[in-house]
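The values are calculated or read from the model by the stated rules, or taken from the named source; none is laboratory data. In this text the structure is predicted, and so the values were computed from the model without any measurement. Using ideal geometry, Cβ is built from the backbone for each residue, glycine included, and neighbour counts are taken over all protein chains shown.
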Amino acid sequence: MGMTATRVSLCADLRRLGVERGDILFIHSSFKSLGPVDGGAETVVRALEDAVGSAGLILMPSFQLVPSERDQRAAGWDLATTHSTVGWLTEYFRRMSGTVRSDHYSHSVAARGGRAADFVAGHLSRVGFPSPWDRAPWGKTYGFHSPMYRAYVAAGKLLMLGVDYETSTYVHLVETFYWQHCRSQDPEVSYKGLNRLKLGTWWDETGDLARGRLAQAECRLFNIRTYVNALLGEVTHNPAPYL
């Protein structure tokens, strides 16, 4: 058994990993991978806030991926009450007083920090590239005013906390860009899903990323825009291994 993590020890781990004051930090997480934490999920969120400071921004997926049928997701969506289905930390984060959430039936994002409300406010916009999760009255899932696209543009960082690349939803942004590229050559071409684990292996071998531990959790930290652009370049020039 390892030591019980605290707010102070977690913040120190985040610093060692490369989290800085003022960062925009998008987090995929496995809470249980941390091991024992004094104060539980609350402590983890407070440590994240300490690490990015008052000028920073914390983003977590608050996706509704259950049920798998998208019409059912849409019919049951409620911005205030629909649970996040992508891990306990994300659901705790969503429910905290002061957290705000983007309005999208399937791929909403929750946020805390100085610019949080503005950052998640655009998810009803129809501006941007299409993807299979788009449906009225919601905007483009990965459109130009969606939180995940905004974090990409703003050179936010992705923290993978105790999870592998299967959780890397930013591959959907790569897929969306790649589809746009393919449609410019053939407007009828279908959307193609990409193999996240194979792309992750390629990124681990070639990319600019930091690796380390947050308590007992194996973590990765890297720039979102660098990651997405690198994957897009690789898939565009060498699609076969990833389709």
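General observations
- Residue pairs whose Cβ atoms lie under 7 Å apart, sitting 6 or more positions apart in sequence or on different chains, and linking a residue in segment 99-118 that is in a strand (DSSP E or B) to a partner that is aromatic (Phe, Trp, Tyr) and modelled with pLDDT of 95 or more, are 110/93; 111/119.
- Residue within segment 7-21 that is among the small types (Gly, Ala, Ser), under 21 Å from residue 218 (Cβ atoms), in a loop (DSSP other than H, G, I, E, B) and touching a strand residue (DSSP E or B) at 6+ places or on another chain (Cβ under 7 Å) present: yes
- Screening segment 207-243 for residues that are touching a helix residue (DSSP H, G or I) at 6+ places or on another chain (Cβ under 8 Å) and of a type in the set (Val, Ile, Thr) and picking the one that is surrounded by the most Cβ atoms within 10 Å (Cβ to Cβ) gives 235.
Residues are listed down the side, and each one gets a yes or a no for (1) part of a loop (DSSP other than H, G, I, E, B); (2) within 12 Å of the chain's Cα centre (by Cα); (3) among the acidic types (Asp, Glu); (4) farther than 27 Å from residue 35 by Cβ:
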residue: 144; (1), (2), (3), (4): yes, no, no, yes
residue: 150; (1), (2), (3), (4): no, yes, no, yes
residue: 155; (1), (2), (3), (4): yes, no, no, yes
residue: 160; (1), (2), (3), (4): no, yes, no, no
residue: 176; (1), (2), (3), (4): no, no, no, yes
residue: 198; (1), (2), (3), (4): no, no, no, yes
residue: 202; (1), (2), (3), (4): no, no, no, yes
residue: 226; (1), (2), (3), (4): no, no, no, yes
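- Residue in segment 75-86 that is at pLDDT 95 or above, charged (D, E, K, R) and under 27 Å from residue 133 (Cα atoms) present: yes
- Of everything in segment 45-84 that is among the aliphatic types (A, V, I, L, M) and in a strand (DSSP E or B), the residue that is surrounded by the fewest Cβ atoms within 10 Å (Cβ to Cβ) is 58.
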